[in-house]
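Asks: For reference, the structure I am asking about is given below.
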Amino acid sequence: MPLSEQEQRLLDEMERHLMGNDADVVSAPTDGRTLSYRNIVYGTILVLLGLGGIVVGVAIPLIAVGIIGFILMLGGVVFAVTPMRGLSKSSTPRTAGPTRTPAAGASFMDRMNDRWDKRQGER
């Protein structure tokens, strides 16, 4: 089913806006700090252990166990959301262009950007 004229104009406007802002997103400077899935998993485990400590501290009237559980939870959250330094996959800034080819280990967004660039080149 073809798009109406209004829908086509809206789609074209959105595409122009996306293409104008895409260069800003790709060239945004990164400081080499990325979240690590390993840290997120370990942080989640610490949060769950801390929650268990709080429950145990409430079940048996020992306030020290509850405080330790809270500290574990707080430490787990901080550990999970703290980015690691120097884990950037590429030390050179990426350039947006039609000459890029997706690598075997490319991320999902890189592959989607490459597919988008190929579609734009076909027009």
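The values are calculated or read from the model by the stated rules, or taken from the named source; none is laboratory data. Keep in mind that this is a model prediction, so the values were computed, not measured. Counting neighbours? That spans all protein chains shown, and the Cβs are built from the backbone with ideal geometry, glycine included.
Asks: Select from segment 5-51 the residues that are of a type in the set (Gly, Ala, Ser) and at pLDDT 85 or above and list them in ascending order.
Replies: Scanning segment 5-51 gives Gly43, Gly50.
Asks: I would also like to ask the following. Can you spot a residue in segment 68-83 that is surrounded by fewer than 10 Cβ atoms within 10 Å (Cβ to Cβ) and modelled with pLDDT under 90?
Replies: Looking for residues that are surrounded by fewer than 10 Cβ atoms within 10 Å (Cβ to Cβ) and modelled with pLDDT under 90, one finds none in segment 68-83, hence no.
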